[in-house]
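The values are calculated or read from the model by the stated rules, or taken from the named source; none is laboratory data. Since the model is a prediction, treat every value here as computed from it, not as a measurement. When we count neighbours, we look across all protein chains shown, and the Cβ atoms used for this are built from the backbone with ideal geometry, even at glycine.
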Amino acid sequence: MSTAQEVPHIPVMLKEVVEYLGPRPGGRYLDGTLGLAGHSLGLLRASGGRAELICLDRDEQALALAQERLKEFPGQATTFHMPFSSFETALEEVGWDRIDGAVLDLGVSSLQLDEAGRGFSFMADGPLDMRMDATSGMDTARTLVNRAHFEELKHIIRDLGDEPLGGKIARAIVRIREQEDIATTSRLAEIVAKAYPPDRRREARNHPATRTFMALRMAVNNEIGEIKDFLERIVQYLNPGARLAVISFHSAEDREVKEAFRHWAKGYRCPMEQQICTCDRPPLARILTKKPQLPTQLEMDRNPRSRSAKLRVAERLGPPTAGGRP
Ligand SMILES: C[S@@+](CC[C@H](N)C(=O)[O-])C[C@H]1O[C@@H](n2cnc3c(N)ncnc32)[C@H](O)[C@@H]1O
């Protein structure tokens with residue numbers, strides 16, 4: 001297992017997140033995706049070490065490394081091993097009713113991608129796992145790949161992965177799994193690559209399995225469901241003036257963030273599916289990024305992982321609602 005010193009880490013759009021959140025001494029902040037604590041440390045440093053943080057991660061290994069790093073500011077950050085959709089449990093445990101800002105930096109960390117045994121990457125051979133939280137009892141990618149119905153696999157690969165060849169790839173998987181248990185990352189990558197017509201394989205900028213692996217990871221970890229659940233409730237816990245910054249790396253994630261922010265800014269408290277507002281309430285938040293903010297060219301050159309990042313920020317308006325819940 002890696003140690004905190006061994007893992008090099010460049011947090012994505014750190015300067016922008018810190019500037020938007022403007023952490024102040026004694027302010028209370030939530031980092032829902034602690035990872036290697038890049039953003040948490042940035043917030044703590046900017047507050048002169050005097051902000052208070054609740055930090056969540058569903059990955060025990062990341063949490064252990066981050067805890068080492070957070071020792072730089074003893075007593076300022078309380079960490080929890082839990083998905084960010086459960087943030088209310090952490091707030092309750094620490095005794096906070098509201099917060100002064102929150103950040104989500106979605107997706108997986110380089111630590112997770114680089115560890116072959118976690119099964120996230122086709123670049124190294126490993127078991128087909130992909131769970132961010134191996135203690136959660138969630139199905140692994142191996143279970144999904146070998147058991148899911150063809151239509152479900154096709155939907156995951158095509159829609160979550162934005163993979164136009166989703167149907168073809170799902171069909172190839174279903175055909176092969178009749179003869180063998182697809183158990184490793186390299187075997188799956190090989191099946192996906194063979195499903196690609198040779199001309200498309202040559203034209204592709206990335207490995208043909210890139211989108212399929214990302215889609216399976218998102219399905220295994222219910223990543224879109226997590227974001228939806230979080231966004232449904234977090235706004236009620238933001239103090240007036242508090243900001244939520246979300247960095248996403250995928251169009252489906254970004255869409256959820258954009259729609260939730262619009263919903264808050266319109267003032268609707270009616271269900272999101274309802275087109276016409278029948279509740280006549282003032283807006284909950286204003287949007288500070290009309291278009292998503294992108295990393296600078298310099299950041300993209302220094303940190304290629306930042307290339308697909310999109311940052312959106314909203315600010316809570318008005319007095320807190322009575323009881324804190326809609
Ligand atoms: C991109 S990394 C965060 C990096 C971090 N901001 C930093 O600079 O060190 C994403 C982290 O969020 C965690 N994560 C992803 N989805 C999560 C969820 N729904 N709940 C809690 N943690 C999650 C992953 O385990 C991973 O450690």
So SER121 fits all but one of (1) more than 18 Å from the chain's Cα centre (by Cα); (2) within 17 Å of ALA209 (Cβ to Cβ); (3) not aliphatic (A, V, I, L, M); what number is the exception? (1)
Checked region 112-125 for anything buried (at least 17 other Cβ atoms within 10 Å of the Cβ) and either charged (D, E, K, R) or assigned to a helix (DSSP H, G or I) (or both); matches are GLN112, LEU113, GLU115, ARG118
With respect to ARG243, determine if the residue is assigned to a helix (DSSP H, G or I) and not aliphatic (A, V, I, L, M). no
Out of everything in region 89-111 that is of a type outside the set (A, V, I, L, M, F, W, C) and crowded, with 16+ Cβ neighbours inside 10 Å, what residue ends up being nearest to LYS15 (Cα to Cα)? ASP105
Mind checking whether some residue in region 78-85 is away from the ligand (no atom under 13 Å from the Cβ), in contact with a Gly (Cβ under 7 Å, 6 or more places away or on another chain) and polar (S, T, N, Q)? no
Somewhere in region 22-41, is a residue assigned by TED's automatic domain parsing to the domain that holds ALA242, touching a Leu at 6+ places or on another chain (Cβ under 8 Å) and among the acidic types (Asp, Glu)? yes
Filter region 279-307 for residues that are farther than 25 Å from SER109 by Cα and in contact with a Phe, Trp or Tyr (Cβ under 9 Å, 6 or more places away or on another chain); which is modelled with the lowest pLDDT? CYS279
Does at least one position in region 7-24 carry a residue that is without any contact (Cβ under 8 Å) to a residue 24 or more places away in the chain, more than 9 Å from the ligand (Cβ to nearest atom) and acidic (Asp, Glu)? yes
Which condition from (1) in a helix (DSSP H, G or I); (2) out of contact with any Leu (no Cβ under 9 Å at 6 or more places or on another chain); (3) not basic (Lys, Arg) is the one that SER86 breaks? (2)
Listed by range, helices (runs of 4 or more DSSP H) wholly within region 126-224 having at least 1 residues that are in contact (Cβ under 8 Å) with a residue 12 or more places away in the chain and under 30 Å from GLU60 (Cα atoms) are 141-147, 150-155, 185-195, 210-220
Hey, could you check region 42-56 for residues that are free of Cβ contacts under 8 Å to residues at least 60 places away in the same chain and within 11 Å of the ligand (Cβ to nearest atom) and say which is farthest from LEU14 (Cα to Cα)? LEU56
